[in-house]
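Notes follow the structure.
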Amino acid sequence: MGTKEKLIVRFTGKPKDFTYQELKRLLGFFGYSEKQASGSRVVFLNKQTGHSIKLHKPHPVNVLKRYQIELIEQELKDLGLL
């Protein structure tokens with residue numbers, strides 16, 4: 001199993017310690033790039049499809065909340081990426 005597959009398995013397992021850096025790497029595998037919005041908001045944009053994922057950067061701890069993981073997972077499933 002390669003790095004991409006391991007990260008997908010980790011993400012879909014909804015760990016309590018999934019970091020923002022791991023999310024950036026995961027979404028990068030699917031063609032998304034990070035764009036800074038206002039404040040702590042960021043947008044991950046896929047230039048090929050035009051699809052965007054909007055969220056707040058986690059702070060002060062760099063770990064995503066469970067609801068963020070669930071929402072992102074559902075969007076990726078809806079697009080057929082997961």
Simple spin-label estimate for Lys65/Leu79, 7 Å along Cα→Cβ, in nm, reads 2.2 nm
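Test of the criteria: in the range 6-40, which trypsin sites (Lys or Arg not before Pro) are in a DSSP loop and have at most 12 other Cβ atoms within 10 angstrom of their Cβ?
Numbers: sites: Lys6, Arg10, Lys16, Lys24, Arg25, Lys35; in loops: Lys16.
Those that pass, being in a loop and sparsely packed, are Lys16.
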Point-to-point label distance, Ser52-Thr19, nm (Cα→Cβ direction, 7 Å offset) = 2.7 nm
What nm value, rounded to one decimal, do you get for the distance between Arg41 and Val9 when each label is placed 7 Å out toward the C-beta?
-> 3.7 nm
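For the chain, what is the mean residue ellipticity at 222 nm derived from helices alone (per DSSP H run of n ≥ 4: -39500 (n - 2.57); sum divided by total residues; nearest 500 deg cm²/dmol)? Mind dumping the intermediate values first?
On the way: 3 runs with 33 residues, N = 82.
That calculation yields -12000 deg cm²/dmol at 222 nm.
So for the chain, Kirkwood radius off the Cα pairs, Stokes-Einstein at 37 °C and 0.692 mPa s: how many µm² s⁻¹?
Numbers: Rh = 13.0 Å.
In µm²/s, the coefficient is 253.
Only the coordinates and a few stated rules stand behind these numbers; no lab work does. These numbers were taken from a predicted model, which means no experiment stands behind them. We place every Cβ from the backbone using ideal geometry, glycine too, and count neighbours over all the protein chains shown.
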